[in-house]
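Structure first, commentary second.
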Amino acid sequence: MRPLERHRDAGAYALGVLDAADTFRFDDHLMDCPTCRALLEELGPAARQLAAYDRLTPPHVEPLAVPGPGLIDRLLTESGRLHRARRRRWLCAVAASVVLAVAAPATAVLRADGPGPEQITARDGRTGVSATLTARGRDWGTDIGLRVRDPHGGARVCELIAVAADGSEQTVTTWKVPVGESAGGSSGDLSTRGGAALAREDIARYEVRTTDGQHLLTLRRP
């Protein structure tokens, strides 16, 4: 393959006018040349139209002449123009994306907070468990913080469950109180945090349970 003409040969290759040896060499060249592969893709429609015209030519009409260098040059020039136009459109799209990316964080922060936080406090006289729950709506669901006091915590593992209006449930967070300590401990309430993939307005209530199914407390939304 002649180094200075390898890109020019893309037009002849697309039109099928290379001899067998040059075709073989150009096949090898295509493996390592994305530029020529792109040129062939752009030249394909024109080459197919020329081939279709040749097939439609009646037998008594002089066959279509083999394209000369002038036609190939025009095809390559047109391909280059199309390639530059497509690249300009691509650069405009990239610029627009950059503008959106720069603006997005401020928008995301405004949307993330949503309405003001919702706070629910409840105590169960039977179990002695009390808690204060804070829920904030997020784009992804509900961000939930919980402060809980369990005077009989022991070593049991507890969990906070978000119960939707349709009865479906999602586990928000779990925790374990060490043996010999209540959830309040000596320094105050135990605090934990989690989230649910439910919109805040779709949650009907929250329940504190042990992981073996014992119900300890219900926090109902107003």
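The values are calculated or read from the model by the stated rules, or taken from the named source; none is laboratory data. Note that the coordinates shown come from a computational prediction; the quantities given were computed from them, not determined experimentally. Here the Cβ is made from the backbone with ideal geometry for all residues, glycine too, and neighbour counts use every protein chain on show. Just so you know, the surface numbers come from the protein's heavy atoms only, side chains and all, with ligands and any DNA or RNA stripped out. Shrake-Rupley method; radii C 1.70, N 1.55, O 1.52, S 1.80 Å.
Specify the residue that is farthest from THR210 (Cα to Cα); the eligible residues are those in segment 126-137 that are touching a residue at least 12 places away in the same chain (Cβ under 8 Å) and open to solvent by 10 Å² or more (accessible area, probe 1.4 Å). Working first, answer last.
Of segment 126-137, the ones touching a residue at least 12 places away in the same chain (Cβ under 8 Å) are 127-137.
Among the residues that remain, those that are also open to solvent by 10 Å² or more (accessible area, probe 1.4 Å) are: 127-128, 130, 132, 134, 136-137.
Values: THR127: 12, GLY128: 14, SER130: 14, THR132: 17, THR134: 20, ARG136: 24, GLY137: 26 Å.
Result: GLY137.
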Residue in segment 89-98 that is modelled with pLDDT under 90, surrounded by fewer than 17 Cβ atoms within 10 Å (Cβ to Cβ), among the charged types (D, E, K, R) and under 30 Å from ALA38 (Cβ atoms) present: yes
Filtered residues of segment 138-154 (kept if open to solvent by less than 50 Å² (accessible area, probe 1.4 Å) and without any contact (Cβ under 8 Å) to a residue 40 or more places away in the chain): GLY153, GLY154
Search result, residues across segment 1-33 that are assigned to a loop (DSSP other than H, G, I, E, B), open to solvent by 70 Å² or more (accessible area, probe 1.4 Å) and at pLDDT 75 or above: ASP19, MET31, ASP32
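What is the residue count in segment 196-218 for residues that are part of a helix (DSSP H, G or I) and buried (at least 16 other Cβ atoms within 10 Å of the Cβ)?
Taking segment 196-218 as the starting set, the residues that turn out to be part of a helix (DSSP H, G or I) are 200-202.
After this cut, where a residue has to be buried (at least 16 other Cβ atoms within 10 Å of the Cβ) as well, the list is 200.
Count: 1.
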Condition check for ARG123: surrounded by 15 or more Cβ atoms within 10 Å (Cβ to Cβ) and modelled with pLDDT of 70 or more: no
